[in-house]
Amino acid sequence: DPHLSKAKHNSPINHSYSTFTKPLPIDCLPKTITTLTRWTAYNWLVAAVGVLSFTIVFTALLVSSQTTFEAASSNPMSQPVLKGIFRRLNKILPSSSSLGKVFPRRSSSMLQPNVIMDKKNNVQQDRMVMEYPRFRSLIGGTPLVDVTNLANPKVEGTRILAKCEFMNPGYSIKDRIVCHILEQAEKKGLLTPGMTIVAASSGNTGASTAMIASMKGYKSIIITSPKCSIEKQDAIRAYGAELIVTASGLKPDDPEHYMNMEHTLCERNPDTYFGINQYDNQLNPLAHYQTLGPEIWTQTDGTITHFVAAGSTGGTLSGTARYLKERSGGDVKVIMADPIGSVFYDYFKTGVLKKPGSFEVEGVGKENIPGAMDFGMIDDAIRVSDCEAFKMCHAMAKEEGILAGGSGGLNVFAASKLAEELDEPATIVTVLPDSGIKYLSKIYNEEWLKGIDIDLQEEQ
């Protein structure tokens, strides 16, 4: 256009404008078609790359979110929301597609489809329904809590953590071993329907056996000593087991001693009785090696430096210690807490089995050496008196709101004593094996405590 300046004529914007608003000479047509083709191909390429990038990122987010949805589905508070989300996703995502596989119709153990008939329209409909766990499936996975407030560590940074085993279904750590022993016996055909399960116990294993036996449809016979609290005896009967309480003061080699009666009954009825045999059964420590040890390691993120626990059968101490030592390359130190009067402390220190004394703490300590105990896993031992253990129980209840049994008080006292001696920061883990509800008539009864000369107000 002669009226346009040269600069304006050469401007890309104005040139493009004039190209598309005025008739084009014939000789310009090939060049124009080439320009349009390049422009169109470039924009299509950019669009395709953008769509592909969005698809990849969105799919990755869906895949990474799958575990989050599954974890959230176990929370009752999120169930209604997730149910609606899954229902809508199942409508828009075909199960055969890649995205449909991210949210399959059975993507949650808690939210499962239920095919029902719509009688009005005579068609099948998929609806998500809630699934709930059986009580027996709640064994393990107990919380780890900080109880450092109950101690006076020598150095700052030392923590004492306690595993709340009283939060198992049977209110004790023994649920772990009984469940494992019975499951293995059923797999091997040693325990079959119609048989009776027999267990010698100071109380907790007996209660766990009675509970799990009833859950599985077996009869059970539990043998214990008069030392067993009335609460534990009543619980064993409540679960439907037959309870035998032996005479008091019997020597460990007496055939009528509660630990020996289990073997006697099973020998007399080899085809119909199955014995737990917790004191010598290597499945006892194996249960803790496979469950309690890994839980502690995971919950502390591998920072545990010391494990403190009392021994009775030796299963908790030996199995958990073996796992922690293997996982840490031997760095985790294992300390055995032992009530004064038990034979374990002297046997560990001297290798000599001395005459046992008397003590009131239930479920820990022994007057002989069980086959499930492995002293090779122990690095040191701490003695604790009945008074120290029971006063710690009351301190936990009043200061932390934790109502634990005497063995828990003994363990925490030993852990606090260790914390007062260590020269470097440490993460000390111990266990609270059972609930104080089992000892309301004893540990938490002032009259009973006075009867064994323990004054809670007296300074130690």
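What follows is calculated from the coordinates using simple rules that are stated; it is not laboratory data. Given the structure is predicted, the values throughout are model-derived calculations rather than measurements. A quick note on method: Cβ atoms are made from the backbone with ideal geometry, for glycine too, and the neighbour counts reach across all protein chains shown.
Key figures for this structure:
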read-out	value
Estimated inter-spin distance, M167 and N149, nm [label 7 Å along Cα→Cβ]	1.6
Protection proxy ranking, peptides 211-223, 445-457, average beta carbon neighbours within 10 Å, highest first	211-223, 445-457
Spacing of the two label points (7 Å from each Cα toward its C-beta) at I230 and H263, in nm	3.4
Karplus-derived HN-Hα couplings along region 315-330 (A = 6.51, B = -1.76, C = 1.60, θ = phi - 60°), whole Hz, x at Gly and Pro	x, 4, 5, 5, x, 5, 4, 4, 5, 5, 5, 5, 5, 8, x, x
Ranked packing of 356-368, 275-287, 167-179, 325-337, most packed first, by mean Cβ within 10 Å	167-179, 275-287, 356-368, 325-337
FRET efficiency estimate (nearest 0.05) - Cβ-Cβ, D271 to D379, R0 51 angstrom	0.70
Computed Kirkwood radius, in angstrom, where 1/r is averaged over Cα pairs of region 178-323	16.1
Packing-based order for 202-210, 289-297, using average beta carbon neighbours within 10 Å, highest first	202-210, 289-297
Compactness of region 291-371 - radius of gyration and Dmax, Cα, Å	13.9, 42
Full-stretch length increase - V51, E458 - with 0.36 nm per residue and alpha-carbon distance subtracted	138.8 nm
Sequence-separation-based contact order of region 349-408, relative, with Cα cut under 8 Å and 6+ spacing, percent	34
Shape category assigned to region 127-217 from the gyration tensor of Cα positions, a/c cut at 1.5	oblate
Convex hull projection area averaged over all views, region 301-460, Cα basis, nm²	10.0
